[in-house]
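Each remark here refers to the structure printed beneath this line.
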Amino acid sequence: MAAAARHPGSHRPGYLVAAAVFAVGMAGTTLPTPLYGLYRDRIGFSELMVTVVFAVYAVGVIASLLLAGNYSDQVGRRPVVLCALGLAAAADLCFLFEAGLPALFAGRLLSGFSAGLLTGAATAAVMELAPPGRAGRAGFAATAANMGGLGCGSLLAGVLAEYAPEPLRLPFAVHLALVAAASVPAWLLPETVAHPRRLPQGPPQGMRVPPEARGVFPSAAVAAFAGFSLLGLFTAVAPSFVAETLDIDDLALSGAVAFSAFLASTLGQSLTGRLGVRRALPAGCLILVAGLLLVGGSLLAESLPLLLAGALTGGFGQGMAFRAGLTAVGDAAPREHRGGTLSAFFVVAYTGIAVPVVGVGALSLRLGLRDAGLVFTAVVTVIALSVGLYLLRRPPVGGGGGAGGGGARAG
C-alpha cells in the first residue's frame, strides 16, 4: 500500500500533477540543444567538444542514478523530486551567468544530476499515485512526461533564441521561473513510500536489479540503449548537421527537428497500451531500425525531409520500445525496489545517449560530420535489429499490458 496521504477524500495533487512537475524538470535538460552552435561561435570549440559538453549531462545522470538511484525507495519520492528541482534551478543559473566552457560543463553536470534523480523517483511517484483503474494512464503519463519534457525544452529554447532577445540567457530564465512554479505542487504531492526514513541507509544500490526483474531487464534495457542513442543524435549532433551540411541557419528549426523526435516518441508510447508489452517491445525496435535507415539516407542525400522522416519514425519506435520496456521492468520489480530498478534501467538508457554521441564527435574530426553520422546509424541499427529479432523469438514474460502491482498496467 502507498502512504496514508492517498486515502479517500484527499484533495492533494495526483499523478497528473506529478507528471507535469516531471516534464518541467526534464525540459531544462534539452534547452542547450539548439544553442550549441551559438556557444561554439562565442567560445570557440570543435564538434567533438559539443558532444563532450552534451555527454557531461549523461555522466551526471548516470552518476546520480548509481549513487542515489534507490534513495527514493528509502527517503520517499517527494524529497528526491524537490532536490532534483533544486539542481535544475542551479543548472539554469550556471547558464544564465555563463562565462566560458567551465560554466557549460557545470550547468550540464548539474542538469544531469537533476535528471538522474527525477527519472527514477518521479516515474515511480507518477505510477504509484494512480487511483484504481488509472494505472495504465499513469504509466503513459510518466513516460510521456519524460519524453515530452525533453522535446519541449529544445523547442522552447529554439523559438526563444530565434525570435526573442538574449538567446543564450532568456531560455534559462524562463525555465527557472517554471521550476519555481513547479516546486509548489511538488511540495504538496502525497508521499507514496509508506515508511520513509529521514536519511538513506546502506551503500548505493542504483544498479541493483532484483531477481524478479532479471528475466526481462537485459532485452528491455538494450532496446532503451538503442532508442536513446537515436535521441542523443538528435539533441547533440542534428542541429550542427542542419546548420553546416544543410546550410539552414534557423535555431527554431533546429529545436523543432529535435522536438519532432520526442513528439513521435510520445505518440509511440500512446500505442503501447493497445498492443501490450509482448508485441510493442519488438515492434518498437524494428520501427526504430526503419527510422535509423531514414536518418542514414538523409545524411547521404543531405535531405531535411528525410531527416524529419527519420526523426518521426525512429522517435515513434523508440517511444513504443521505451514505454514497453519500462513497463515490463516496473511490473517485474517488487515495490520496495522499484525506484532502484527503474534507475538501473535509465542508467543503461543514458549510457546510450553518452557513448555513441561522443563517438560521433570523435569520428567527425577525421571523417567529417556526415560520415561519422553514417557510422553511428549503422552500429545502432545493428543493435536495434538484433534485440528486435531476439524479442520476436523470445517475447518478455509477464507485463502483457503494463506494470501491475503498483506499476503502470497499460491497456
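The values are calculated or read from the model by the stated rules, or taken from the named source; none is laboratory data. Bear in mind that the values here come from a model prediction, so they are computed numbers and not experimental data. With ideal geometry, Cβ positions are generated from the backbone for all residues, glycine too; neighbour counts draw on all protein chains shown.
For segment 210-257, what are the residues that are at negative phi and charged (D, E, K, R)?
Step one: filter segment 210-257 for residues at negative phi, giving 210-246, 248-257.
Across segment 210-257, the qualifying residues are 212, 214, 244, 249, 250.
Name the pairs whose Cβ atoms lie under 6 Å apart, with the first residue in segment 212-227 and over 11 Å from residue 326 (Cβ atoms), the second of a type in the set (Asp, Glu), and 6 or more positions between them or separate chains?
Listed by first residue and then by second, the contacts come to nothing, as the list is empty.
Considering segment 338-358 alone, what residues qualify as being within 23 Å of residue 238 (Cα to Cα), touching a helix residue (DSSP H, G or I) at 6+ places or on another chain (Cβ under 6 Å) and among the polar types (S, T, N, Q)?
none
Count, please, the residues in segment 14-41 that happen to be within 20 Å of residue 241 (Cβ to Cβ), surrounded by fewer than 24 Cβ atoms within 10 Å (Cβ to Cβ) and in contact (Cβ under 8 Å) with a residue 40 or more places away in the chain.
Restricting attention to segment 14-41, the residues satisfying the condition of being within 20 Å of residue 241 (Cβ to Cβ) are 30-41.
So of that shortlist, the ones also surrounded by fewer than 24 Cβ atoms within 10 Å (Cβ to Cβ) come out as 37-41.
Adding the requirement that they be in contact (Cβ under 8 Å) with a residue 40 or more places away in the chain leaves 37-39.
The total comes to 3.
Restricting attention to segment 258-268, does a residue exist that is without any contact (Cβ under 8 Å) to a residue 60 or more places away in the chain and surrounded by fewer than 21 Cβ atoms within 10 Å (Cβ to Cβ)?
The answer is yes, given that some residue of segment 258-268 is without any contact (Cβ under 8 Å) to a residue 60 or more places away in the chain and surrounded by fewer than 21 Cβ atoms within 10 Å (Cβ to Cβ).
Suppose we keep only residues that are aliphatic (A, V, I, L, M) and modelled with pLDDT under 90 within segment 88-116. Which one would you say is farthest from residue 30 (Cα to Cα)?
Here is the first cut: in segment 88-116, the ones aliphatic (A, V, I, L, M) are 88-91, 93, 96, 99, 101, 103-104, 106, 109-110, 115.
With modelled with pLDDT under 90 added as a condition, the list becomes 99, 101.
Numbers: 99: 20, 101: 17 Å.
Only one residue tops the list, namely 99.
Looking for something within 24 Å of residue 382 (Cβ to Cβ), outside any helix (DSSP H, G or I) and in contact with an Asp or Glu (Cβ under 9 Å, 6 or more places away or on another chain) - is there at least one such residue anywhere in segment 230-244?
yes
Do we have residue 309 as closer than 17 Å to residue 373 by Cβ, surrounded by fewer than 24 Cβ atoms within 10 Å (Cβ to Cβ), without any contact (Cβ under 8 Å) to a residue 40 or more places away in the chain and more than 22 Å from the chain's Cα centre (by Cα) here?
no
Pairs under 7 Å by beta carbon, first residue over 11 Å from residue 269 (Cβ atoms) and among the β-branched types (Val, Ile, Thr) in segment 315-338, partner surrounded by 24 or more Cβ atoms within 10 Å (Cβ to Cβ) and at pLDDT 90 or above, six or more apart or different chains?
Once the first residue is over 11 Å from residue 269 (Cβ atoms) and among the β-branched types (Val, Ile, Thr) and sits in segment 315-338, its partners that are surrounded by 24 or more Cβ atoms within 10 Å (Cβ to Cβ) and at pLDDT 90 or above give 329/220.
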